[in-house]
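J.: For reference, the structure I am asking about is given below.
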Amino acid sequence: MVRDMETKYTESRLVRLIGVIGLAISLGIECLREAHAADVYVDKGACPFECCTYRAWRVVKPFRLYDAIGSGTAIEKVAAGGKIQALTGEVHSVPYRTQAISDVPVQKIRKGDEVFFLVSLGEGFWKVRHQGRIIELDDAESVTDFAERTKKVPIQSQWWIRLRSPSGKTGWTKEDDQFFGPDMDSCS
């Protein structure tokens with residue numbers, strides 16, 4: 001009788017221990033997921049230079065169209081010489097952490113504040129994260145010596161473009177040098 005009670009008590013403790021371990025593993029995996037998500041900023045709909053626009057672009061070099069961002073599964077090889085419809089894009093970047101060297105009262109940035117540069121918008125404009133807010137900064141050099149630092153440590157980013165091919169297939173590419181520049185630029 002005492003032995004049965006000891007066995008049940010041990011089994012009960014073992015079941016609780018397994019439950020605690022399972023919970024710890026699941027929380028650990030979730031924390032890792034969140035930490036990884038914070039490592040890459042995704043700007044959906046981004047067109048990463050001044051006057052960049054999504055519309056019909058002329059294809060100047062052949063390229064592959066992929067079924068998803070980051071995928072190795074090519075769904076079509078698009079030949080040079082025709083037009084392709086650019087639909088949207090995403091810029092995936094690793095935030096660049098720095099400190100403000102001066103106040104920017106309009107954006108509530110104070111000298112010494114931590115600022116994360118996320119995505120270049122062209123002509124000195126940037127999307128940055130400051131105290132959990134995503135804001136556009138129009139004069140990065142007034143906030144930080146970022147320009148000097150990026151000569152040594154460039155922003156790591158990839159521009160993924162969603163396209164519809166002449167055959168009607170829709171997919172993604174990061175090969176942005178395959179298209180004719182003026183077609184991509186609404187200012188020209």
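Values in this text are rule-based calculations from the coordinates and carry no lab data. This is a predicted model, so every value here is computed, not measured. Positions of Cβ are generated from backbone atoms using ideal geometry, with glycine treated the same way; all protein chains shown enter the neighbour counts.
J.: Hey, can you tell me all the residues within the stretch 169-181 that are closer than 12 Å to K83 by Cα and either touching a Lys or Arg at 6+ places or on another chain (Cβ under 6 Å) or surrounded by fewer than 18 Cβ atoms within 10 Å (Cβ to Cβ) (or both)? Show your work before the answer.
T.: Kept after step one, since they are closer than 12 Å to K83 by Cα, are these residues of the stretch 169-181: 178-180.
Of everything in the stretch 169-181, those that are closer than 12 Å to K83 by Cα and either touching a Lys or Arg at 6+ places or on another chain (Cβ under 6 Å) or surrounded by fewer than 18 Cβ atoms within 10 Å (Cβ to Cβ) (or both) turn out to be Q178, F180.
J.: Being β-branched (V, I, T) and closer than 16 Å to M184 by Cβ is the filter here, so list the residues in the stretch 64-97 that pass it.
T.: Here is the first cut: in the stretch 64-97, the residues β-branched (V, I, T) are 69, 73, 75, 78, 84, 88, 91, 94.
Hits for the stretch 64-97 are V78, I84, T88, V91.
J.: Could you tell me which residue of the stretch 75-119 is farthest from P182 (Cα to Cα), considering only residues that are of a type in the set (G, A, S) and surrounded by 15 or more Cβ atoms within 10 Å (Cβ to Cβ)? Spell out how you get there, then give the answer.
T.: Just the residues of the stretch 75-119 that are of a type in the set (G, A, S), to begin with: 79-82, 86, 89, 93, 100, 102, 112.
Pick out the ones that are also surrounded by 15 or more Cβ atoms within 10 Å (Cβ to Cβ) and you get 86, 89, 93, 100.
Values: A86: 13, G89: 17, S93: 25, A100: 36 Å.
Within the stretch 75-119, the match that is farthest from P182 (Cα to Cα) is A100.
J.: Can you give me the ranges of the strands (runs of 3 or more DSSP E) entirely in the stretch 49-139 with at least 2 residues that are of a type in the set (A, V, I, L, M) and over 30 Å from T173 (Cβ atoms)? Lay out the reasoning, then the answer.
T.: Values: elements: 56-58, 63-66, 74-78, 83-93, 96-99, 114-122, 125-130, 133-137.
Fully inside the stretch 49-139 and qualifying: nothing.
J.: Filter the stretch 61-104 down to the residues that are within 26 Å of D138 (Cα to Cα) and touching a Lys or Arg at 6+ places or on another chain (Cβ under 6 Å) and list them by number.
T.: Within the stretch 61-104, the first condition is being within 26 Å of D138 (Cα to Cα), and the residues that meet it are 88-104.
Of everything in the stretch 61-104, those that are within 26 Å of D138 (Cα to Cα) and touching a Lys or Arg at 6+ places or on another chain (Cβ under 6 Å) turn out to be T88, E90, A100, S102, D103.
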